[in-house]
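The values are calculated or read from the model by the stated rules, or taken from the named source; none is laboratory data. Quantities reported herein were computed from a predicted structural model and do not represent experimental measurements. Virtual Cβ from ideal backbone geometry, glycine too; neighbours counted across all protein chains shown. The area values use the complete protein model at the heavy-atom level, side chains included, leaving out ligands, DNA and RNA. Shrake-Rupley method; radii C 1.70, N 1.55, O 1.52, S 1.80 Å.
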Amino acid sequence: MDERYHPGSIEDKWQKKWDEHNLFKVDEDPDKEKYYLLEMFPYPSGKIHIGHVRNYTIGDVVTRYKRMNGFNVIHPMGWDAFGMPAENAAIENNTHPAAWTYENIDYMRAQLKKMGFSYDWDREVATCRPEYYRWEQWLFLKMFENGMAYRKESYVNWCEKCQTVLANEQVEQDKCWRCSQVVQQKKLYQWYFKITDYAEDLLVHCDKLPGWPDKVTIMQKNWIGKSFGSELKFQIDGSDEDIIVFTTRPDTVFGATFMCLAPEHPLVETLSRGTEQEGAVAEFVNRISHQERSATGIEKYEKEGVFVGAHCINPATGEKIPVYTANFVLMEYGTGAIMSVPAGDQRDFEFARKYGLNIRVVVQPEGESLDGNTMPEAYTGPGIMVNSGEFNGMDNKSAIDAITQWLEMEGRGKKTVSFRLRDWGISRQRYWGTPIPIIHCADCGVVPVPEADLPIRLPEDANILPKGGSPLPTLAYFQKTDCPKCGRGDARRDTDTMDTFVESSWYYLRYCSPRYDRGMFDPDAVKYWMPVDQYIGGVEHAVLHLLYSRYFMRVLNTLGMIDFKEPFTRLLTQGMVCKETMTCPEHGYLFPFEAERKSADNLVCTKCGKPVEVGRVIKMSKSKKNVVDPNELLEQYGADVTRLFCLFAAPPERDLEWSEEGIEGSHRFINRVWRLAGECMKVVKGVTPYTGPADGLSKDAKALYIKANQTVKKVTEDIEKSFHFNTAISSVMELVNMMYTVDIESADGEMKSILAFGLENILLLLSPIVPHFCEELYALMGKESFILEQGWPSFREDALQTDEVVVVIQVNGKLRSKFTTGAGASKASIEERALADSKIQKHLEGKTIRKVIVIQKQQTLVNIVAN
RNA sequence: GCCGAAGUGGCGGAAUUGGUAGACGCGCUAGUUUCAGGGACUAGUGGACGUAUGUCUGUGGGAGUUCGAAUCUCCCCUUCGGCACCA
């Protein structure tokens, strides 16, 4: 046995052995309890980054742990392979998206294998393969048939740089989530999935996902955004038509002194036509609709609008109020029209002040008297109703229902709810994606591709346009086709592709039967494996992928294809991997290797020798250069040490700060165990580990035996309860430290069998974390089978309690002394001894004992209250 | 602005059923090792005072509940994340 652990050859060896023995392959087995462990699959961008390493290490540990606990564990991996970076890379490197993608997949697969992850590679899926996306096209057709997919013209988020439409979920702070370009509004025909049909159901079930972090379900709830309110009808002056508004504050209807319509509201044009305002309105609407989704900065908050030239009747007061169109009213929310109550809403207030509109107070805060002419801002709080006819004097909360009921009787209103969630726009004007299986015919209009013609293959030989944008509309042979309905020869295919989030909404179903060719998935396989028991991935998908996936399962459920609605029973969102940034005054951001440490606090740039400034610890990113390359970690430390550090440095849900010294520490620990194992094996090899009761063992042997049992318990609980591997590893370290205190060479027979117990448990407990290392030592101990095929170790309940306990003595809550006593000592005897303690006596001098509290729980403690 | 999470040594982090604050690791200090270096091993390490048995102090800040609070309650501050004209 070598003095040191050499990861290179050992890790290679075990990866090969696992592979040869098909150790990670699984099939449905009705006799075994299944466990579906899923990690978010990566986009094949070129290389695995450290975030993947962390994510997949966590998943791998759980997989191996569950497997040792007897579960039939499915642990698949695949590729979210469609997407824009492939197109951009193709332009940059003069290659093709397909070639680039498949090369990346091959490279990254090899990287994952080197990390020793226990994937069943037979289940690998790449979403850019026709065998995959044909079933997505098939589902699209089913959804179309059932009214779940539809096409409409409306304003959409357009990213000029990416040359495509974006879903609402893909717009972050008015910017494209990929390239940060400010998004514009563009009117286009687009395909939509009717996710809003499930808004209520998605919302309700947020509270039925106890295995999800609250922050994720809260984000989803906020995104769905249900609000309770009323729809009120305002009759248009001189017409029978009504304008319907949505409001959450019907109690303030008496204070509605004007009305605002969204610029896109159809009535804006209708009402202004033929009035003297027609020109001004047209100019305004035109200007607003060409504005970026929202201008940045202060401009955003500047409210403006124009009078549309018509009035409507306030249903509560009967008075005529002017109708405006205003930039702050959103067409997509509510009804696109609001009743403006300047006294009770800050936006309406600002608008009213700007245009000199009447402000009437209808809710008066208790003990105050607001005046519409002098109040500095709107009052939105609770209060007493005024200027509201028969409702005067009521508190405004009761008035909400009372006024709604009254207006309902008048036929002018009703209770309703409104959602923020909008339908999912899935058309993308991109090439590298799933073609939408639709044909446009001059006679028949929109015609679905017949099922038998699927898949509509994405032409993989298309020349990528150097300026970006999809080449599909330029390809006559792709576009030109016969109409399946009437046979017209000049029909054309839809040249848009689907949002890549469509692929990731169901890939985990495909894993269950990845080569199935009679449908999206084999129903029996899905019945056995689904739902996913544990999903692990980044929190950035809280309202994208995770919401879409929940939606998709509802669609499939409605279509009768599956019998569940929630895809992921438990969700773990791991934290980011962070590192400090380093900047050189001359060269800007530096990679870690571009800074050289001259002394404790002198770091210089290797290029110019100038002092380097160490910045904040932030998420690793290429642009900030604060990255570590998994390849280098593998080279320098091997997979196991890398895995160990990822788990030890922080609990999984928290951000992890990468540190060079930290990983060195993990490296040291591995070698420490290696040496301990070497020492032990000299005397322990072939010795049967002791597993009997603790009673009757000699003092040192018993102490070690108890420690080992406690360690098994602690590690099991830490993994089972919360995946807190950092504390699990700590407790193994404690056991290792204790074993180091044993004089191994002169151990007697009893001690030998306990050392054997300790060592074997260390290997079993660490094996999910550092599997190659443990397999090697396990084999060196003379074991024949794989450690992964061993059962998870158990502990003896009767070997957890040490004979002696430390009693701490406090006086008035302050620690003053301690003593040791037998574990079974009585309260009375402990109290007696505590009071007799000489240090305690000193502290009690001149005081009267008021009370003595003796606690015998996790700790044994005496608190003497005296004054 | 609204919603959420988090603030503990020089650092990463333990301890949250209220019960020895700082496990484990990093770093640092001293020592040991035929120790080139790296490494390994032993001891120490929250702060202040003290030769010392020790005393005081200490979990973002301030109040409170309690025999006892990192942990529970209230107020405030800071940082991070999400949403943001949502009527």
Original post:
Can you name the residue in segment A:851-867 that is in a loop (DSSP other than H, G, I, E, B) and touching a residue at least 12 places away in the same chain (Cβ under 8 Å) and, of all such residues, is nearest to RNA strand B (Cβ to nearest atom)?
Top reply: A:Q859
Original post:
On the given criteria, is A:D837 modelled with pLDDT under 95 and closer than 27 Å to A:S731 by Cβ?
Top reply: no
Original post:
Of the residues that sit in segment A:779-813 and are closer than 18 Å to A:T691 by Cα and assigned to a helix (DSSP H, G or I), which one is most open to solvent (accessible area, probe 1.4 Å)?
Top reply: A:E797
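Kindly indicate which of A:T270, A:T275 is surrounded by fewer than 16 Cβ atoms within 10 Å (Cβ to Cβ), at pLDDT 90 or above and touching a strand residue (DSSP E or B) at 6+ places or on another chain (Cβ under 6 Å).
Just a single option satisfies the conditions, and that option is A:T275.
Which residues, counting only those in segment A:96-141, are of a type in the set (S, T, N, Q) and part of a helix (DSSP H, G or I)? Don't jump to the end; show me each part of the working.
Within segment A:96-141, the subset of a type in the set (S, T, N, Q) is A:101, A:104, A:111, A:118, A:127, A:137.
Result: A:T101, A:N104, A:Q111, A:Q137.
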Original post:
From the list A:E131, A:E145, A:E124, A:E87, which residue is crowded, with 17+ Cβ neighbours inside 10 Å and touching a residue at least 12 places away in the same chain (Cβ under 8 Å)?
Top reply: A:E87
**OP:** Filter segment A:634-664 down to residues that are open to solvent by 10 Å² or more (accessible area, probe 1.4 Å), over 25 Å from the mean Cα position of the chain (by Cα) and of a type outside the set (G, A, S) and give me whichever is nearest to A:G537 (Cα to Cα).
**Re:** A:L634
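For every residue, the table says whether it meets (1) open to solvent by 20 Å² or more (accessible area, probe 1.4 Å); (2) over 30 Å from A:R54 (Cα atoms); (3) in a helix (DSSP H, G or I); (4) of a type in the set (D, E, K, R).
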residue: A:T691; (1), (2), (3), (4): yes, yes, no, no
residue: A:K713; (1), (2), (3), (4): yes, no, yes, yes
residue: A:T716; (1), (2), (3), (4): yes, no, yes, no
residue: A:S730; (1), (2), (3), (4): yes, no, yes, no
residue: A:N737; (1), (2), (3), (4): yes, no, yes, no
residue: A:K752; (1), (2), (3), (4): yes, yes, yes, yes
**OP:** Please identify the pairs in which a residue from segment A:1-29 that is closer than 29 Å to A:L676 by Cβ has its Cβ atom under 7 Å from the Cβ atom of a residue that is of a type in the set (K, R), counting only partners at least 6 apart or on another chain.
**Re:** A:Q15/A:K113
Original post:
Just to be sure, is A:S767 among the small types (G, A, S) and out of contact with any Cys (no Cβ under 9 Å at 6 or more places or on another chain)?
Top reply: no
**OP:** Identify the residue in segment A:814-850 that is in a strand (DSSP E or B) and open to solvent by 50 Å² or more (accessible area, probe 1.4 Å) and, among all such residues, is farthest from RNA strand B (Cβ to nearest atom).
**Re:** A:I849
**OP:** Considering every residue within segment A:355-369, establish whether at least one is buried (at least 18 other Cβ atoms within 10 Å of the Cβ) and away from RNA strand B (no atom under 16 Å from the Cβ).
**Re:** yes
**OP:** Could you give me the residue pairs with C-beta distances under 6 Å whose first residue belongs to segment A:742-765 and is closer than 27 Å to A:D640 by Cα, whose second residue is part of a helix (DSSP H, G or I) and among the aromatic types (F, W, Y) wherever it lies, and which are 6+ apart or on separate chains?
**Re:** A:I754/A:Y705; A:L763/A:Y778
Original post:
Among all residue pairs at least 6 apart or on different chains, which show Cβ distances below 6 Å where the first residue, located in segment A:215-227, is in a loop (DSSP other than H, G, I, E, B) and the second is of a type outside the set (S, T, N, Q) and exposed (fewer than 15 other Cβ atoms within 10 Å of the Cβ)?
Top reply: A:K226/A:V417
Subject >> Some residue of segment A:537-560 being assigned to a strand (DSSP E or B), closer than 30 Å to A:V53 by Cβ, among the β-branched types (V, I, T) and in contact (Cβ under 8 Å) with a residue 24 or more places away in the chain >> reply: no
